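Below is one structure, written out as structure tokens, with a few remarks after it.
The values are calculated or read from the model by the stated rules, or taken from the named source; none is laboratory data. Everything numeric here is computed off the predicted structure, so don't read it as measured data. Virtual Cβ from ideal backbone geometry, glycine too; neighbours counted across all protein chains shown.
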Amino acid sequence: MNLQNKSLSAKIGKALIYLIIIFLGLVTLLPLLNIVAISLSSSGAVTANAVGIIPVNFTLEPYKMLVDDPQFWRSFGISVQRVFLSLGLNMILIILMAYPLSKRKSEFKGRSIYMNLLIFAMLFNGGMIPTYLVVRNLGLLNTIWSLVLPSAVPVFSVILIMNFFRGVPKALEEAAIIDGATPMQVLLRVYLPISIPSLATVALFSIVGSWNDFFSGLIYMTRTSNYPLMTYIQSLTVDIQQMIQQGINSTNLSELMGVSDRNLNAAKIVVSSIPLILIYPLLQKYFITGIVVGSVKE
Amino acid sequence: MKLDYIFKGARIMQQRKRTASKRLTNSNLTYHLMILPGIVFLLIFNYAPMFGLVMAFQDYVPAKGIFHSDFVGFQHFAYMFSLPSIGRVFTNTIVIAGGKIIFNTLLAIVFAILLNEVRVRWLKKSVQTIVYLPNFLSWVVLASVVVNMFNLDGSVNHILENFGVGPLNFLGSNQLFRPLIIGTDVWKSFGFNSIVYLAAITSIDPGLHEAASIDGANWWRRIWHVTLPGMLPIILLLAILSLPNILNGGFDQIYNLYSPVVYQSGDIIDTYVYRVGLMGRDYSFGTAVGLFKSIIGLVLILSANQTAKKFTERQLF
């Protein structure tokens with residue numbers, strides 16, 4: 001009797017755990033599905049707030065309108081360009097800095113000076129305004145370089161790769177040097193091939209970071225035509241949000257904004273997230289192993 | 001004869017080693033050259049702005065530049081502390097950031113413990129895939145999602161209506177704005193934050209659980225006496241290291257969700273510096289506020305690092 005009771009309460013407890021887990025999964029998923037559904041619904045249905053997670057009066061109209069929005073694609077292009085430039089520059093600088101820094105003090109004189117420069121840059125910064133003024137004084141405003149150069153050295157990633165390089169067996173390097181390899185060759189032929197997973201992790205940091213960043217575009221670009229995608233989308237939604245926040249409900253809002261704006265904006269949001277969704281399997285694989293290795297290692 | 005070979009071999013080896021070590025010393029130059037480009041970028045984009053912090057002690061005029069603007073000492077700092085709004089900004093920052101740290105940690109731990117109990121593989125995998133996702137999306141995107149859910153006739157108010165509550169103006173109310181900010185931040189990141197805790201749970205020796213079961217411990221007791229103590233080191237470490245974030249309310253999120261109506265409860269240091277300093281072109285004053293934040297941040301990071309070193313024998317740097 002007692003045993004049965006126990007197994008019954010255990011079963012209830014188990015069911016409860018599954019319910020909570022499924023609930024948390026749904027709470028995360030449904031709001032995202034809601035945006036997708038809105039982007040696929042007719043403006044009438046959106047205005048009437050009839051859209052849940054399934055499109056109402058299914059239509060591709062918002063996406064057709066999106067195709068004809070030149071600024072959206074211009075900004076999309078700027079963001080793509082920026083991601084590739086940042087990725088290239090970040091990876092080159094990360095690798096070139098991490099390798100010498102992974103050497104012992106006796107092997108690389110001056111290492112501690114560089115290391116201190118790097119760490120202090122991680123702990124302290126000039127802040128928003130002085131950084132803005134440096135970028136402005138360099139004449140970078142309204143150029144793609146204002147989005148790329150200020151974050152050229154991702155300090156955290158340099159340290160991550162440096163630590164990984166330190167774990168590479170010394171014997172490999174010594175063998176290569178005895179065979180006559182130069183430091184550059186050692187780096188390229190010995191270190192890089194065995195660091196691919198770690199390098200993938202920091203590459204993904206870089207891609208996600210630059211794709212999602214709207215702030216650089218906001219302060220360094222004075223013309224909307226130069227906005228990267230996230231800054232462009234942000235500039236569109238901010239007016240609507242302020243109206244909503246000031247208590248106007250979305251029925252009035254849709255009348256004010258012209259009927260189709262909410263589903264069109266939703267379509268923009270969806271399309272702007274597609275690149276990240278595409279690389280999400282990679283993100284899951286490398287980010288997560290990277291995080292676990294980086295933090296639980298004793 | 002045979003001995004000769006060995007000697008010859010040894011000599012060649014020695015020569016090779018000598019050239020190898022010579023190469024190693026010559027490597028120094030290559031190392032300096034390798035690291036140079038990165039250091040140049042650091043100096044321009046990280047250290048030059050630090051030099052620019054002298055603005056905080058000047059009456060900075062863009063036309064005169066940093067070298068010719070007049071020094072005013074601590075005037076901007078004195079002004080900052082005389083403003084009633086600045087206390088509010090710091091309070092908002094600390095309350096919002098503190099709430100995020102506490103609730104993110106709690107939910108991530110609970111979620112990790114519960115998820116670890118799920119034995120249905122496909123369910124576990126799908127839930128993980130879903131809850132890790134929002135972490136990778138920009139606040140620009142997620143702010144739209146949040147506004148859609150929480151506006152006056154959004155889904156959340158529809159649900160509340162069924163319970164006879166509302167409609168609540170989450171985005172326009174000074175009582176509800178902070179909970180909304182903290183709640184949606186937890187929604188975005190609890191899944192991702194749980195990864196580390198999940199890894200900590202799975203590294204606990206299963207023998208301990210078995211032993212506890214044999215001794216008659218039920219699920220609650222096993223969680224309390226085995227799982228949580230096993231997670232404690234990593235919980236402590238992350239808690240200590242998250243302390244410096246107490247001044248980071250989360251610019252991206254708040255900038256995309258706030259409005260003048262909720263400045264009272266939602267304006268944080270970063271949004272304030274952006275609005276007053278950068279948009280209002282009050283460069284010196286904005287820099288002073290930013291510098292004040294950076295210095296407290298630096299002190300917090302250094303003490304967090306020391307504390308982590310002392311209690312967990314691990315550190316950030």
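For region A:215-230, check the following and say yes or no: at least one residue is free of Cβ contacts under 8 Å to residues at least 40 places away in the same chain and within 9 Å of chain B (Cβ to nearest Cβ).
Looking through region A:215-230, at least one residue is free of Cβ contacts under 8 Å to residues at least 40 places away in the same chain and within 9 Å of chain B (Cβ to nearest Cβ).
State yes or no: is B:ILE254 within 22 Å of A:LEU24 (Cβ to Cβ) and either crowded, with 17+ Cβ neighbours inside 10 Å or in the same structural domain as B:ILE101 (by TED's automatic domain parsing) (or both)?
no
Here is a check on your reading of the model: is B:ILE195 crowded, with 21+ Cβ neighbours inside 10 Å, at pLDDT 90 or above and under 16 Å from the mean Cα position of the chain (by Cα)?
yes
Six or more apart or on different chains, Cβ atoms under 7 Å: show the pairs whose first residue is in region B:26-37 and within 15 Å of A:ILE113 (Cβ to Cβ) and whose second is outside any helix (DSSP H, G or I) and of a type in the set (Gly, Ala, Ser).
Every condition considered, the pairs that remain are B:HIS32/A:GLY110.
Can you name every one of the helices (runs of 4 or more DSSP H) wholly within region B:203-317 that holds 2 or more residues which are over 16 Å from the mean Cα position of the chain (by Cα) and more than 19 Å from B:PHE90 (Cα to Cα)?
Where helices (runs of 4 or more DSSP H) fall fully within region B:203-317 and carry at least 2 residues being over 16 Å from the mean Cα position of the chain (by Cα) and more than 19 Å from B:PHE90 (Cα to Cα), they are B:206-214, B:219-222, B:228-242, B:283-312.
When residues of region B:31-69 are filtered for being charged (D, E, K, R) and touching a Phe, Trp or Tyr at 6+ places or on another chain (Cβ under 9 Å), how many remain?
Number satisfying all stated conditions: 1.
Which of the helices (runs of 4 or more DSSP H) found entirely inside region B:56-132 contain at least 3 residues meeting this: within 13 Å of another protein chain (Cβ to nearest Cβ)?
Numbers: elements: B:65-68, B:75-82, B:84-117, B:121-132.
In region B:56-132, the matching helices (runs of 4 or more DSSP H) lie at B:65-68, B:84-117, B:121-132.
When you scan region A:39-47, do you find a residue that is in contact with a Gly (Cβ under 8 Å, 6 or more places away or on another chain) and farther than 30 Å from B:ILE109 by Cβ, even just one?
no
Yes or no: region B:155-166 includes at least one residue that is of a type in the set (Gly, Ala, Ser) and at the interface with chain A (Cβ under 7 Å from one of its Cβ atoms).
Yes, because at least one residue in region B:155-166 is of a type in the set (Gly, Ala, Ser) and at the interface with chain A (Cβ under 7 Å from one of its Cβ atoms).
So B:GLN58 fits all but one of (1) surrounded by 12 or more Cβ atoms within 10 Å (Cβ to Cβ); (2) out of contact with any strand residue (DSSP E or B) (no Cβ under 6 Å at 6 or more places or on another chain); what number is the exception?
Here B:GLN58 clears every test but (2).
Let me confirm something: among A:LEU133, A:LEU138, A:LEU117, which residue is surrounded by fewer than 17 Cβ atoms within 10 Å (Cβ to Cβ) and without any contact (Cβ under 8 Å) to a residue 24 or more places away in the chain? Can you show your working first?
Values: A:LEU133 fails: surrounded by fewer than 17 Cβ atoms within 10 Å (Cβ to Cβ); A:LEU117 fails: surrounded by fewer than 17 Cβ atoms within 10 Å (Cβ to Cβ).
Within the list A:LEU133, A:LEU138, A:LEU117, the selection yields A:LEU138.
Condition first: closer than 24 Å to A:ALA45 by Cα, in a helix (DSSP H, G or I) and of a type in the set (Gly, Ala, Ser). Now tell me which residues in region B:152-190 satisfy that.
B:SER155, the sole residue that qualifies.
Answer with yes or no whether B:GLY52 is surrounded by 15 or more Cβ atoms within 10 Å (Cβ to Cβ), facing chain A (nearest Cβ under 7 Å) and of a type in the set (Gly, Ala, Ser).
Considered against the rule, which asks whether it is surrounded by 15 or more Cβ atoms within 10 Å (Cβ to Cβ), facing chain A (nearest Cβ under 7 Å) and of a type in the set (Gly, Ala, Ser), B:GLY52 comes out as yes.
Please name all residue pairs, on different chains or six or more residues apart, with Cβ atoms under 7 Å, provided the first residue is in region B:185-213 and is in contact (Cβ under 8 Å) with a residue 24 or more places away in the chain and the second residue is part of a loop (DSSP other than H, G, I, E, B).
B:ASP185/B:GLY250
For the structure I just gave you, tell me whether B:ILE246 is away from chain A (no Cβ under 11 Å), surrounded by fewer than 21 Cβ atoms within 10 Å (Cβ to Cβ) and modelled with pLDDT of 90 or more.
Answer is yes for this residue.
Could you list all residues from region A:166-194 that are closer than 16 Å to A:ILE94 by Cβ and crowded, with 19+ Cβ neighbours inside 10 Å?
A:LEU187, A:TYR191
Part of a helix (DSSP H, G or I), out of contact with any Gly (no Cβ under 8 Å at 6 or more places or on another chain) and either more than 10 Å from chain B (Cβ to nearest Cβ) or touching a residue at least 12 places away in the same chain (Cβ under 8 Å) (or both): does that describe A:PHE84? Step through it out loud before you land on a result.
Details: part of a helix (DSSP H, G or I): yes; out of contact with any Gly (no Cβ under 8 Å at 6 or more places or on another chain): yes; either more than 10 Å from chain B (Cβ to nearest Cβ) or touching a residue at least 12 places away in the same chain (Cβ under 8 Å) (or both): yes.
Yes: the conditions hold for A:PHE84.
Do you know which of the residues in region A:90-114 that are within 27 Å of the chain's Cα centre (by Cα) and surrounded by fewer than 20 Cβ atoms within 10 Å (Cβ to Cβ) is nearest to the other protein chains (Cβ to nearest Cβ)?
That would be A:ILE92.
Which one of A:ALA45, A:ALA37 is assigned to a helix (DSSP H, G or I), at pLDDT below 90 and surrounded by 18 or more Cβ atoms within 10 Å (Cβ to Cβ)?
A:ALA45
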